[in-house]
Amino acid sequence: MEKLEKTAAALRRRGFEAVVFETAKEAADYLLSDMPAGETVGFGGCMTAKQMGLETLLRAAGHKVLWHWEAEPAERPALLHEAMNAPLYVCSANAVTEDGLMVQIDGTGNRISSATGAHERVYYLVGRNKLAETFDKALWRARNIASPLNARRLNRETPCVKNELKCYDCNSPQRICNGLSVVWKPLGGAQETHVLLIDEDL
């Protein structure tokens, strides 16, 4: 918890709303209580949210959830666009440094775009396994752990799926590492950016 508290303090100094939770359930309860009733919520490609069962919890609470992974391939582009313009957005970061930098690698650009102020409120869900001491270590984690694991989950035809778990900086048409964002401070004038730090591996 000490590293999480240290990171939360650093995030607050940068202007983020940062809260630490012992469990994913506590974080989910907080999220449900903090969201305005009946809002539309866009999701990034966030397996942390899926692991927490958030799409089911939010729908049960009366929210409309927009998540492209639940749609047929032909429907995904329109759903991605709709989610990127939702009032609320839920995503994760590939890594967060102890001094409060959030690192994200993206394939389609939906998560990067959603960090740039298009929403009223963005929630980042971050398990303790995503903490990194420095920016270099955060970038290494995003490139060599998070992205290859996502490529494997999506059954992509890339070297990081077929070979050792690491980034090969490939030229595969199915590459999912097409963009990088580093968020130093909250983006967008009126947008609130909340970071939920959870003392579990997610």
**Item:** Spin-label proximity, Lys50 to the range 126-153 - amide N less than 20 Å from point 7 Å beyond Cα toward beta carbon
**Value:** 126-130, 142-153
**Message:** Take Glu120 and Arg59, extend 7 Å from each Cα along the Cα→Cβ direction, and tell me the distance between the two endpoints in nm.
**Reply:** 2.3 nm
**Message:** What distance in nm separates the two pseudo spin-label positions at Ala78 and Glu39, each 7 Å out from Cα along the beta-carbon direction?
**Reply:** 2.6 nm
**Prompt:** Pick from Leu149, Leu80, Leu54: which residue has the top mean-square fluctuation in a GNM of the chain where Cα pairs under 10 Å get a spring?
**Reply:** Leu149
**Asked** For the range 66-160, which GluC sites (Glu not before Pro) are in a loop by DSSP, counting at most 12 other Cβ atoms within 10 Å?
**Response** Glu133, Glu157
**Request:** Using a Gaussian network model of the chain whose springs link C-alpha atoms within less than 10 Å, name the residue from Val126, Val90, Val19 with the highest mean-square fluctuation.
**Result:** Val19
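What is the chain's relative contact order, in percent, from Cα pairs under 8 angstrom and six or more apart in sequence?
RCO, the chain: 29 percent.
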**Prompt:** Averaged per residue, what accessible surface does the chain expose to a 1.4 Å probe, in Å²?
**Reply:** 47 Å²
**Set of lysines near Lys137 by C-alpha distance (under 26 Å), chain-local residues within fewer than 8 positions excluded** = Lys3, Lys6, Lys50, Lys162, Lys166, Lys185
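Could you state the orientation-averaged shadow area of the convex hull built on the Cα atoms of the chain, in nm² to one decimal?
On the way: hull surface 42.2 nm².
With the hull built on Cα positions only, its mean projection is 10.5 nm².
Once you keep just the Cα pairs under 8 angstrom separated by 6 or more residues, what percentage relative contact order results for the range 82-202? Numbers along the way, then the final one.
On the way: 233 pairs, mean separation 43.8, N = 121.
RCO, the range 82-202: 36 percent.
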**Prompt:** Excluding same-chain residues fewer than 8 positions from Lys25, which aspartates and glutamates have a Cα within less than 17 Å of its Cα?
**Reply:** Asp34, Glu55, Asp199, Glu200, Asp201
**Complete:** Simple spin-label estimate for Asp136/Asp29, 7 Å along Cα→Cβ, in nm, reads 4.2 nm
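The values are calculated or read from the model by the stated rules, or taken from the named source; none is laboratory data. The structure presented is a predicted model; accordingly, all values stated were derived computationally and were not measured. Ideal geometry is used to build each Cβ from the backbone, glycine not excepted, and the neighbour counts take in all protein chains shown. Note: areas computed on protein heavy atoms with side chains; ligands, DNA, RNA excluded. Shrake-Rupley method; radii C 1.70, N 1.55, O 1.52, S 1.80 Å.
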